[in-house]
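Inspection log for the structure reproduced underneath, given as structure tokens.
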Amino acid sequence: MPKPRAEQLQQDILSYKEQGVTHVISLLKPAEVEAFQMTQEADVCKAHQLSFTHFPIKDMDVPDLSALKELNLELKQQLSKGAHVAIHCHGGRGRAGTVAISLMIEHGYGATEAMKIASKARGDKMPVCDLQIEFVQSYR
């Protein structure tokens, strides 16, 4: 999903909560957090009783495989306990798509099927660049 809007961060995070989200994951790099004025996101999530994880990934790039495996292990445990996770980058398709699709693969989906499901849910192609597509196709 796209990042919450800085000018209405409280409302966007509250909207996540109203949709059942219990954990927010931001994939923004620190420079993006500053540039997009998102420095309060973790605090706003906490104020609304939402867990928050900052897992920075460079735009149009892929995450470190071992770090992503650790994140996905944690998320699988949370999901098994009923958590609902929102994953965002800036536009909500490239980095967020890569992480979401890798998590779907961890849950038994094939890469092609997971990309189709994620793209349909988002209403646009996910992930967006060849590097990200190749990453999820080789993810195990």
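The values are calculated or read from the model by the stated rules, or taken from the named source; none is laboratory data. None of these values were measured; they are calculated from a predicted model. Every residue, glycine among them, receives a Cβ derived from its backbone with ideal geometry; neighbour counts consider all protein chains shown.
Within the range 120-137, work out how many residues are without any contact (Cβ under 8 Å) to a residue 12 or more places away in the chain and either hydroxyl-bearing (Ser, Thr, Tyr) or farther than 17 Å from Cys89 by Cα (or both).
The number of residues fulfilling the criteria is 3.
Looking only at the range 92-118, count every residue that is of a type outside the set (Ser, Thr, Tyr) and not in a helix (DSSP H, G or I) and tell me the total.
Our first condition is that a residue be of a type outside the set (Ser, Thr, Tyr); within the range 92-118, this holds for 92-97, 99-101, 103-108, 110-111, 113-118.
After this cut, where a residue has to be not in a helix (DSSP H, G or I) as well, the list is 92-94, 107-108, 110.
So the answer is 6.
Give the residues of the range 1-44 that are exposed (fewer than 12 other Cβ atoms within 10 Å of the Cβ) and of a type in the set (A, V, I, L, M, F, W, C), sorted by residue number.
Ala31
Might you check whether a residue that is surrounded by fewer than 20 Cβ atoms within 10 Å (Cβ to Cβ), at pLDDT 95 or above and touching an Asp or Glu at 6+ places or on another chain (Cβ under 9 Å) occurs anywhere in the range 109-127?
Checking the range 109-127: not a single residue is surrounded by fewer than 20 Cβ atoms within 10 Å (Cβ to Cβ), at pLDDT 95 or above and touching an Asp or Glu at 6+ places or on another chain (Cβ under 9 Å).
What helices (runs of 4 or more DSSP H), lying completely within the range 27-91, carry at least 3 residues that are of a type outside the set (Val, Ile, Thr), touching a strand residue (DSSP E or B) at 6+ places or on another chain (Cβ under 6 Å) and within 27 Å of Ile105 (Cα to Cα)?
No helices (runs of 4 or more DSSP H) qualify here.
May I ask you to say which residue of Ser26, Ser66, Ser80, Ser102 is under 27 Å from Gln137 (Cβ atoms) and touching a residue at least 60 places away in the same chain (Cβ under 8 Å)?
So the residue among Ser26, Ser66, Ser80, Ser102 that is under 27 Å from Gln137 (Cβ atoms) and touching a residue at least 60 places away in the same chain (Cβ under 8 Å) is Ser26.
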